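*Asks:* The structure follows.
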Amino acid sequence: MKDTIVGIGEALWDCLPEGRKLGGAPANFAFHVGQFGWKSAVVSAVGNDALGDEILQVFDKVKLPCDIARTEQPTGTVQVALSEDGIPSYEICENVAWDNIPWTDELSVLAGRTKAVCFGSLAQRSMASRNTIMRFIAAMDEDTERIFDINLRQHFYSLEVIEESLRCATMLKLNEEEIAVVSKLLGLFDGSLEEQCRQILMCYPKLQIVILTCGAIGSYVFTADETSYIPTPKVVVADTVGAGDSFTATFVAQILAGKTVREAHSKAVAVSAYVCTQHGAMPVLPSFD
């Protein structure tokens with residue numbers, strides 16, 4: 001029985017100006033999916049160190065199921081600097097635990113009951129974790145959702161990783177800066193943002209949905225025969241860390257619940273706007289429509 005939605009990849013500490021907070025797109029995604037009543041889990045690795053112990057304690061505190069390996073490499077950390085507008089920039093440590101996520105029998109079992117998985121490009125910067133992520137996706141049933149939330153960071157991506165990920169993805173989520181990089185790497189012709197997104201849809205047969213977020217301007221969702229655009233609500237921004245992950249999680253949770261693309265898009269916009277008003281990536285969501 002496929003009953004679990006999984007985020008797989010990096011688990012780390014975001015070192016923010018106001019202090020250290022648990023981060024990593026897969027954990028953020030899994031946490032927010034769980035807030036909509038879905039059974040969720042995060043797959044990653046942490047070190048045999050105090051920071052790793054603390055991550056496991058936080059997962060336990062927020063009741064986030066996890067399959068976390070312990071490795072000899074240290075637990076990952078990221079130095080996060082915020083602009084005056086609350087926009088984060090990242091300095092990501094290398095050769096850390098989540099670069100070495102091992103394949104296990106437990107992951108094979110989890111893949112068999114996974115309804116949807118969200119993965120990115122960052123954790124694929126190392127061959128060890130990349131192999132585990134691709135093996136996990138290959139072990140899933142063909143009728144499951146595979147969300148490539150691209151999350152380009154610094155120089156930790158390549159054409160090979162992006163193309164392999166797009167070939168197996170059913171959904172792609174990226175932002176306005178990332179579409180420019182991806183379009184150049186893939187050799188797409190110059191055109192509007194919609195034209196570029198639709199080119200990607202046409203090039204990868206398994207891909208059914210492309211989500212494009214454009215910060216304060218708004219966001220788009222493209223399917224083969226539908227375009228949804230919703231402007232971004234005006235809110236007082238605390239920081240935008242994790243807002244994109246909450247958008248992806250909300251959209252996926254709604255689609256799997258049988259909502260239309262427009263309904264799922266609308267809820268995702270509302271949730272991500274709320275997350276921007278809070279500090280850190282994992283605020284508890286209020287009950288709102």
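*Asks:* Could you check the range 188-237 and list, in sequence order, the residues that are assigned to a loop (DSSP other than H, G, I, E, B) and touching a helix residue (DSSP H, G or I) at 6+ places or on another chain (Cβ under 6 Å)?
*Replies:* Leu188, Tyr204, Leu207, Cys214, Pro233, Val235, Val237 - these are the residues of the range 188-237 that are assigned to a loop (DSSP other than H, G, I, E, B) and touching a helix residue (DSSP H, G or I) at 6+ places or on another chain (Cβ under 6 Å).
*Asks:* Only residues that are within 28 Å of Val78 (Cβ to Cβ) and touching a Phe, Trp or Tyr at 6+ places or on another chain (Cβ under 6 Å): list them for the range 249-276, please.
*Replies:* Hits for the range 249-276 are Ala249, Ala253, Ala268, Ser272.
*Asks:* Is it the case, given these coordinates, that Glu145 is over 30 Å from Asp85 (Cβ atoms), acidic (Asp, Glu) and either in contact with a Gly (Cβ under 9 Å, 6 or more places away or on another chain) or crowded, with 19+ Cβ neighbours inside 10 Å (or both)?
*Replies:* Judged against the criteria, Glu145 is a match.
*Asks:* With the checklist (1) outside any helix (DSSP H, G or I); (2) in contact (Cβ under 8 Å) with a residue 12 or more places away in the chain; (3) of a type in the set (Ser, Thr, Tyr) in hand, flag the one item Ser108 doesn't pass.
*Replies:* For Ser108, the failing item is (1).
*Asks:* Those residues that are modelled with pLDDT of 95 or more, assigned to a helix (DSSP H, G or I) and either out of contact with any Phe, Trp or Tyr (no Cβ under 7 Å at 6 or more places or on another chain) or not small (Gly, Ala, Ser) (or both), I need them from the range 163-177; list them, please.
*Replies:* Selection gives Glu163, Glu164, Leu166, Arg167, Cys168.
*Asks:* Can you list residue pairs whose Cβ atoms sit under 6 Å apart, with the first residue in the range 15-35 being aromatic (Phe, Trp, Tyr) and the second being assigned to a strand (DSSP E or B) and surrounded by 18 or more Cβ atoms within 10 Å (Cβ to Cβ)? Count only pairs 6 or more apart in sequence or on different chains.
*Replies:* Phe29/Gly7; Phe29/Cys118
*Asks:* Within the range 178-207, track down each residue that is in contact (Cβ under 8 Å) with a residue 24 or more places away in the chain, surrounded by fewer than 17 Cβ atoms within 10 Å (Cβ to Cβ) and more than 25 Å from Met127 (Cα to Cα).
*Replies:* Answer for the range 178-207, where residues must be in contact (Cβ under 8 Å) with a residue 24 or more places away in the chain, surrounded by fewer than 17 Cβ atoms within 10 Å (Cβ to Cβ) and more than 25 Å from Met127 (Cα to Cα): Leu193, Glu194, Cys203.
*Asks:* Quick check on my filter: what residues within the range 77-112 are crowded, with 16+ Cβ neighbours inside 10 Å, touching a strand residue (DSSP E or B) at 6+ places or on another chain (Cβ under 7 Å) and either farther than 18 Å from Arg20 by Cβ or at pLDDT 95 or above (or both)?
*Replies:* Val96, Ala97, Trp98, Asn100, Ile101, Leu107, Leu110
*Asks:* Separate question: Filter the range 59-76 for residues that are hydrophobic (A, V, I, L, M, F, W, C) and crowded, with 16+ Cβ neighbours inside 10 Å; which is farthest from His279 (Cα to Cα)?
*Replies:* So, considering only residues that are hydrophobic (A, V, I, L, M, F, W, C) and crowded, with 16+ Cβ neighbours inside 10 Å, the one farthest from His279 (Cα to Cα) is Ala69.
*Asks:* Of these, Ala45, Ala41, which one is under 19 Å from Val96 (Cα atoms), in a strand (DSSP E or B), in contact with a strand residue (DSSP E or B) (Cβ under 8 Å, 6 or more places away or on another chain) and at pLDDT 95 or above?
*Replies:* Exactly one of Ala45, Ala41 is under 19 Å from Val96 (Cα atoms), in a strand (DSSP E or B), in contact with a strand residue (DSSP E or B) (Cβ under 8 Å, 6 or more places away or on another chain) and at pLDDT 95 or above, namely Ala45.
*Asks:* In the range 246-289, which residues are farther than 22 Å from Gly24 by Cβ and not in a helix (DSSP H, G or I)?
*Replies:* Scanning the range 246-289 gives Ala257, Gly258, Lys259, Thr260, Pro286, Ser287, Phe288, Asp289.
*Asks:* Somewhere in the range 180-193, is a residue within 21 Å of Ile230 (Cβ to Cβ) and of a type in the set (Asp, Glu)?
*Replies:* No; the residues of the range 180-193 include none that is within 21 Å of Ile230 (Cβ to Cβ) and of a type in the set (Asp, Glu).
*Asks:* Can I ask one more? Restricting attention to the range 32-48, which residues are buried (at least 16 other Cβ atoms within 10 Å of the Cβ) and either closer than 17 Å to Asp14 by Cβ or small (Gly, Ala, Ser) (or both)?
*Replies:* His32, Gly34, Ser40, Ala41, Val42, Ser44, Ala45, Val46, Gly47 - these are the residues of the range 32-48 that are buried (at least 16 other Cβ atoms within 10 Å of the Cβ) and either closer than 17 Å to Asp14 by Cβ or small (Gly, Ala, Ser) (or both).
*Asks:* State all residues of the range 114-160 that are polar (S, T, N, Q) and under 15 Å from the mean Cα position of the chain (by Cα); if no residue qualifies, say none.
*Replies:* Result: Ser121, Gln124, Asn151.
*Asks:* Among the residues of the range 157-174 satisfying the criterion of being surrounded by 19 or more Cβ atoms within 10 Å (Cβ to Cβ) and of a type outside the set (A, V, I, L, M), which is nearest to Thr144 (Cα to Cα)?
*Replies:* Going through the qualifying residues, I end up with Ser165.
*Asks:* Can I ask one more? Among the numbered conditions (1) modelled with pLDDT under 95; (2) over 12 Å from Val269 (Cβ atoms); (3) of a type in the set (Gly, Ala, Ser), tell me where Ala243 comes up short.
*Replies:* (2)
The values are calculated or read from the model by the stated rules, or taken from the named source; none is laboratory data. Owing to the predicted nature of the structure, the values given are computational and were not obtained by experimental measurement. Quick reminder, even Gly has a Cβ in these numbers, built from the backbone with ideal geometry, and neighbours come from all protein chains shown.
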